Amino acid sequence: MPRLLIPFESVPGETRVSATPETVKKFISLGCKVAVEKGAGTTAGFSDDSFALVGADLVTPGDSGVWKQTEVLLCVQAPEKTLLGKLSSGALVVGLLAPYSNSVLASALEDGKISAIALELLPRISRAQSADALSSQANIAGYKAVLIAAGALDRYFPMLMTAAGTVQPAKVVVLGAGVAGLQAVATARRLGAVVYVSDIRPDVKEQVESLGGRFIDLPDLDEEPAEEGGYAKQVSEAFLAAQRQKLSDQLSEADVAICTAQVPGKKAPRLITDEMLDRMRPGAVVVDLAVAQGGNCSGTKPAQIVNRNNVKLIGAEDLPCSIPNHASSLYARNLFALMQPLINEGRICLDIEDDLISGCLISHEGSIRYPNVLTPGGVDR
């Protein structure tokens, strides 16, 4: 009988939980024994009683005996090293482990001979879609970014026809047409804004237009940007310079810019420069979702609002934590979708030859499988 543990998240500011009563019930139906640390789901709206009602064992946070017996730790973010040290050798940790340049995590996994699956590295294949936690959380971030922008803007989003005259709709520019960007487009359109989208991949134009957005045409150069592994590939500096000029022209007329362009394990591309900001109108708002990776916009700071010549620069960090109930529900379903095929006849079976597992299994019983990920060389922390 596999023993699963749902921990109380130890990272400051983390409001999500890695399981809900719904997914706990499903795990128990597969023959698992599930322990939930008391208070683990409180900030996400899931009481201890709700977990107990579906058959979970409520345990004291950090109880060494419970952690020692745990075979699978399902977490949102990686627990601190002292907690990981309580796990028995061979245990499996699954979560958003921030593996890039994370030498502390590598050391904990090696010392404890622990296996680990980092959901950030889940391959972008059709079979993995239901387990794609990055997408489910990015969807929330894109939605919330628009609401933050609407709250900070000095104008309405929709067009309004009033007795005092007509109010023109806000103009929103979304940078990046990934999951977060497309959700930002959809949300801004629902609020009545006119939305323009900048992306280096021509293939996303159809998706943008299907949501009611307007794609900013790419520079007319002999270069075909594309994507690799589900993410945009890097292009030449000449292409980027020409695209920046087009983007600068759009931003000069914009009320809101939503920045969503991120490349896993690398510093976020700088898309909005000081010169572009100088052309934006006073009262405009920039929401930067990539601020934790260095930012798409010059001058943004994590979890801060910077007033730059009356243009508000909002460093939007950890937005899924601001909607913890739905963020947890979706994340918990991602984890269940990933784990369900691994539970076979009362055992956890890790097939390291499986493409789905191989790509994201960063440690197998303490043996680091991707040292270029877990050691220095990625994003500065």
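Quick check on my filter: what residues within the range 154-178 are assigned to a strand (DSSP E or B), of a type outside the set (Lys, Arg) and farther than 30 Å from Ala133 by Cβ?
Going residue by residue through the range 154-178, those that are assigned to a strand (DSSP E or B) are 160-162, 165-167, 171-175.
Next, from what is left, pick out any that are of a type outside the set (Lys, Arg): 160-162, 165-167, 172-175.
Leu160, Met161, Thr162, Gly165, Thr166, Val167 - these are the residues of the range 154-178 that are assigned to a strand (DSSP E or B), of a type outside the set (Lys, Arg) and farther than 30 Å from Ala133 by Cβ.
Rundown of residues vs (1) among the aliphatic types (A, V, I, L, M); (2) modelled with pLDDT under 95; (3) in contact with a Lys or Arg (Cβ under 9 Å, 6 or more places away or on another chain); (4) surrounded by 13 or more Cβ atoms within 10 Å (Cβ to Cβ), yes/no style:
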| site | (1), (2), (3), (4) |
| --- | --- |
| Leu330 | yes, no, no, yes |
| Met339 | yes, no, no, yes |
| Glu345 | no, yes, no, no |
| Glu353 | no, yes, no, no |
| Leu356 | yes, yes, yes, yes |
| Leu361 | yes, no, yes, yes |
| Ile368 | yes, yes, no, yes |
| Gly378 | no, yes, yes, yes |
| Arg381 | no, yes, no, no |
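Could you count how many residues in the range 23-42 are among the small types (Gly, Ala, Ser) and either crowded, with 22+ Cβ neighbours inside 10 Å or outside any loop (DSSP other than H, G, I, E, B) (or both)?
Residues meeting the conditions: 4.
Within the range 290-301, which residues are assigned to a helix (DSSP H, G or I) and out of contact with any Ser or Thr (no Cβ under 8 Å at 6 or more places or on another chain)?
Ala292, Gln293
May I ask you to list the residues in the range 179-218 that are small (Gly, Ala, Ser) and either free of Cβ contacts under 8 Å to residues at least 24 places away in the same chain or not in a helix (DSSP H, G or I) (or both)?
Step one: list which residues in the range 179-218 are small (Gly, Ala, Ser), which gives 180-181, 184, 186, 188, 192-193, 198, 210, 212-213.
Result: Gly192, Ala193, Ser198, Ser210, Gly212, Gly213.
May I ask you to verify whether Leu251 is farther than 26 Å from Leu134 by Cβ, at pLDDT 95 or above and surrounded by 18 or more Cβ atoms within 10 Å (Cβ to Cβ)? Full working, then the answer.
Values: farther than 26 Å from Leu134 by Cβ: yes; at pLDDT 95 or above: yes; surrounded by 18 or more Cβ atoms within 10 Å (Cβ to Cβ): yes.
Yes, satisfied.
Among the listed residues Ala138, Ala177, Ala184, Ala118, identify the single one that is touching a helix residue (DSSP H, G or I) at 6+ places or on another chain (Cβ under 7 Å), under 21 Å from Ser18 (Cα atoms) and among the aliphatic types (A, V, I, L, M). Spell out the reasoning first.
Working: Ala177 fails: under 21 Å from Ser18 (Cα atoms); Ala184 fails: under 21 Å from Ser18 (Cα atoms); Ala118 fails: touching a helix residue (DSSP H, G or I) at 6+ places or on another chain (Cβ under 7 Å).
After applying the criteria, what remains is Ala138.
So which residues in the range 117-137 are under 14 Å from Met339 (Cβ atoms) and among the hydrophobic types (A, V, I, L, M, F, W, C), if there are any at all?
Ile117, Leu119, Leu122, Ala128, Ala131, Ala133
Going by the conditions given, is Lys86 surrounded by fewer than 19 Cβ atoms within 10 Å (Cβ to Cβ) and either among the aliphatic types (A, V, I, L, M) or closer than 17 Å to Pro2 by Cα (or both)? Steps first, answer last, please.
Values: surrounded by fewer than 19 Cβ atoms within 10 Å (Cβ to Cβ): yes; either among the aliphatic types (A, V, I, L, M) or closer than 17 Å to Pro2 by Cα (or both): no.
The answer is no for Lys86.
The conditions are (1) at pLDDT 95 or above; (2) surrounded by fewer than 16 Cβ atoms within 10 Å (Cβ to Cβ); (3) among the polar types (S, T, N, Q), and Thr70 fails exactly one of them. Which is it?
The number of the failed condition is (2).
In the range 1-22, which residue that is not in a loop (DSSP other than H, G, I, E, B) and not hydrophobic (A, V, I, L, M, F, W, C) is surrounded by the most Cβ atoms within 10 Å (Cβ to Cβ)? Show your work before the answer.
Within the range 1-22, the first condition is being not in a loop (DSSP other than H, G, I, E, B), and the residues that meet it are 3-6, 21-22.
With not hydrophobic (A, V, I, L, M, F, W, C) added as a condition, the list becomes 3, 21-22.
Numbers: Arg3: 17, Pro21: 20, Glu22: 14.
Restricting to residues being not in a loop (DSSP other than H, G, I, E, B) and not hydrophobic (A, V, I, L, M, F, W, C), the top hit is Pro21.
Restricting the first residue to the range 334-357 and requiring it to be within 13 Å of Val94 (Cβ to Cβ), which pairs with a second residue that is assigned to a helix (DSSP H, G or I) and aromatic (Phe, Trp, Tyr) meet a Cβ separation below 9 Å and a spacing of at least six or different chains?
Phe336/Phe27; Met339/Phe27; Gln340/Phe27; Ile343/Phe27
Let me confirm something: among Leu105, Leu109, which residue is touching a residue at least 24 places away in the same chain (Cβ under 8 Å), touching a strand residue (DSSP E or B) at 6+ places or on another chain (Cβ under 6 Å) and not in a loop (DSSP other than H, G, I, E, B)? Show your work before the answer.
Working: Leu105 fails: touching a strand residue (DSSP E or B) at 6+ places or on another chain (Cβ under 6 Å).
Exactly one residue qualifies, and that residue is Leu109.
The values are calculated or read from the model by the stated rules, or taken from the named source; none is laboratory data. Note that the coordinates shown come from a computational prediction; the quantities given were computed from them, not determined experimentally. Counting neighbours? That spans all protein chains shown, and the Cβs are built from the backbone with ideal geometry, glycine included.
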